[in-house]
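The values are calculated or read from the model by the stated rules, or taken from the named source; none is laboratory data. Since we're looking at a predicted model, the values are computed, not measured. Glycine also receives a Cβ, built like all others from the backbone with ideal geometry; neighbour counts cover every protein chain displayed.
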């Protein structure tokens, strides 16, 4: 998608592609998705290959938007855990240090239909 600020001689004006999108909520977070997109969301209790439906908070097609009530269909591709994050706590001059690791679980989904 190319955005053109102002018309300049010799420059081709391109129309914006007609793309539908949706804003979904899962795992306490909101994601903007398009059809065919693969994304990682917080862990969902479903088996690999299962079809799931997520409620859409907002659906748009570039010209108009509609509010809740729509559904987004997705397929679960797999589960995994993200890279390790190190949590380090320290209080200076008190000989207090604590190190802890954390790995967030995720589910990889593919958006099939909006």
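A few comments on the model shown:
- Some residue of region 95-106 being assigned to a loop (DSSP other than H, G, I, E, B), in contact (Cβ under 8 Å) with a residue 40 or more places away in the chain and over 14 Å from the mean Cα position of the chain (by Cα): yes
- Check on residue 75, at pLDDT 95 or above, surrounded by 14 or more Cβ atoms within 10 Å (Cβ to Cβ) and in a strand (DSSP E or B): yes
- Some residue of region 81-94 being within 20 Å of the chain's Cα centre (by Cα), surrounded by 10 or more Cβ atoms within 10 Å (Cβ to Cβ) and in a strand (DSSP E or B): yes
- Between 103, 93, the distinction of being farther than 16 Å from residue 32 by Cβ and out of contact with any strand residue (DSSP E or B) (no Cβ under 6 Å at 6 or more places or on another chain) belongs to 93 only.
- Hits in region 29-50 - residues which are surrounded by fewer than 11 Cβ atoms within 10 Å (Cβ to Cβ) and over 12 Å from the mean Cα position of the chain (by Cα): 36, 45, 47, 49
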